[in-house]
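Asker: Below you will find the structure I want to go over with you.
Throughout, read-outs are computed from the coordinates displayed, never taken from laboratory work. Note that the structure is a prediction, hence the values are computed from the model and not measured. Cβ sites come from the backbone with ideal geometry, for glycine too, and all protein chains shown count toward neighbours.
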Amino acid sequence: MVAPGDSSSDLLASHAGMQRVPSPKIELFQFKRFVDAELQSELIRLIDKDRRPSTVADPNGDDYFRTSETCDLDPAEPAVEQLETLLANLNEIDPTYGEPVQGQRYEMGQEFKAHTDYFTPGGPDYEKFCSVAGQRTWTFMIYLNDVEAGGATRFKAINKTFKPEPGKLLCWNNRSPDGSVNPATLHHGMKVRKGLKYVITKWYREKPWGWE
């Protein structure tokens, strides 16, 4: 039985349109046209309204590790409520285990260098970010627009690169089968070479989200 804060590969693969990347190293899926054009446009509008410079828990001494802009989306917004319902119906994760939906905007030349979404156990920020809700479990990321050039997401460990396509969902389990963090989930939000890139990210935790 799947825990309230978790999903499963079998469940995700059961949805028509869901495609699993054939690799034993990672549980990674894509679902094209998961979000329709109207919802894409409204989420882009919300990101543009409240965007701010992105931060990162551990930039490894690199001031240019993450150069995008970020927006924490208001859960009371109808578009966010609609998105949360779509995700809950897809992954069947209890919504209380989810972090607030976040949007990102990348201008030309901006990127998020190779990183993992989990917090490194024993790392300088592990206790700070995992003391309340535990480690991150699943990541669900949605591209919201076409990018004229660049902006792909690259998983180097499995030699797989995903180009932005409006409404396309990527999702992956940040853990290995034994429950430990999975370094094969290392991924690079590559530089936008021309145009803009908008994405939505939703992370889930081991325990209910308890931060204010």
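Asker: Quick one: go through the range 178-201 and flag any residue whose amide nitrogen is under 20 Å from the point 7 Å out along the Cα-to-Cβ line of residue 20.
Answerer: 178-186
Asker: May I ask you to evaluate 6.51 cos²θ - 1.76 cosθ + 1.60, the Karplus curve with θ = phi - 60°, for each residue of the range 138-147 and list the ³J(HN,Hα) values in order in whole Hz, giving x for glycine and proline?
Answerer: Whole-Hz 3J(HN,Hα) from phi for the range 138-147: 9, 10, 10, 10, 10, 6, 10, 7, 6, 10.
Asker: Still on this structure: Quick one: which residues, 5 or more positions from residue 136 or on another chain, have an amide H under 5 Å from its amide H? H modelled 1.01 Å from N in the peptide plane, none for Pro or chain starts.
Answerer: 119
Asker: Under 16 Å from a label point 7 Å along Cα→Cβ of residue 207: give me every residue in the range 127-151 with its amide N that close.
Answerer: 127-137
Asker: Find how many whole Å separate the alpha carbon centroid of the range 1-39 from the alpha carbon centroid of the range 133-212.
Answerer: Cα centroid to Cα centroid, the span is 12 Å.
Asker: OK, next. Whole-Hz ³J(HN,Hα) for each residue in the range 113-129, computed from phi via Karplus 6.51 cos²θ - 1.76 cosθ + 1.60 with θ = phi - 60°, x for glycine and proline: what do you get?
Answerer: 4, 3, 8, 10, 7, 6, 9, 5, x, x, x, x, 10, 4, 5, 4, 9
Asker: Continuing with the same structure: Counting only residues 5 or more places away or on other chains, whose amide H sits under 5 Å from the amide H of residue 175 once H atoms are built in the peptide plane?
Answerer: Here the answer is 182, since their amide H atoms fall under 5 Å of that of residue 175.
Asker: May I ask you to derive the relative contact order of the range 66-109, considering only C-alpha pairs under 8 Å and at least 6 residues apart, and to give it as an integer percent?
Answerer: Relative contact order for the range 66-109 comes out at 62 percent.
Asker: Here is a follow-up. If each DSSP helix of 4+ residues adds -39,500 (n - 2.57) and the sum is divided by the residues in the chain, what number results at 222 nm, nearest 500 deg cm²/dmol?
Answerer: -5000 deg cm²/dmol
Asker: How do 209, 172 rank when sorted from fewest to most other Cβ atoms within 10 Å of their own Cβ?
Answerer: 209, 172
Asker: Per 5 Å bin, what is the whole-percent P(r) computed from every C-alpha pair distance within the chain?
Answerer: Reading upward from the zero bin: 1, 7, 15, 20, 22, 19, 11, 3, 0, 0.
Asker: Shifting gears a bit: Please compute the length gained on full extension between residue 94 and residue 2, using 0.36 nm multiplied by the number of residues separating them and subtracting their Cα-Cα distance.
Answerer: That works out to 32.0 nm of additional length.
Asker: On to the next question. Below 8 Å, C-alpha to C-alpha, sequence gap of six or more: please give me the relative contact order for the chain in percent.
Answerer: 29
Asker: Around residue 70, which amide H atoms from residues at least 5 apart in sequence, or from another chain, sit under 5 Å from its own amide H, with H modelled in the peptide plane?
Answerer: So residue 70 has HN proximity to 52, 54, 105.
Asker: What are the ³J(HN,Hα) values, in whole Hz, obtained from phi via the Karplus relation 6.51 cos²θ - 1.76 cosθ + 1.60 with θ = phi - 60°, for each residue of the range 26-42 in sequence order, with x given for Gly and Pro?
Answerer: Once θ is set to phi - 60°, the couplings for the range 26-42 become 7, 8, 9, 9, 10, 9, 6, 6, 5, 10, 7, 4, 5, 5, 4, 4, 5 Hz.
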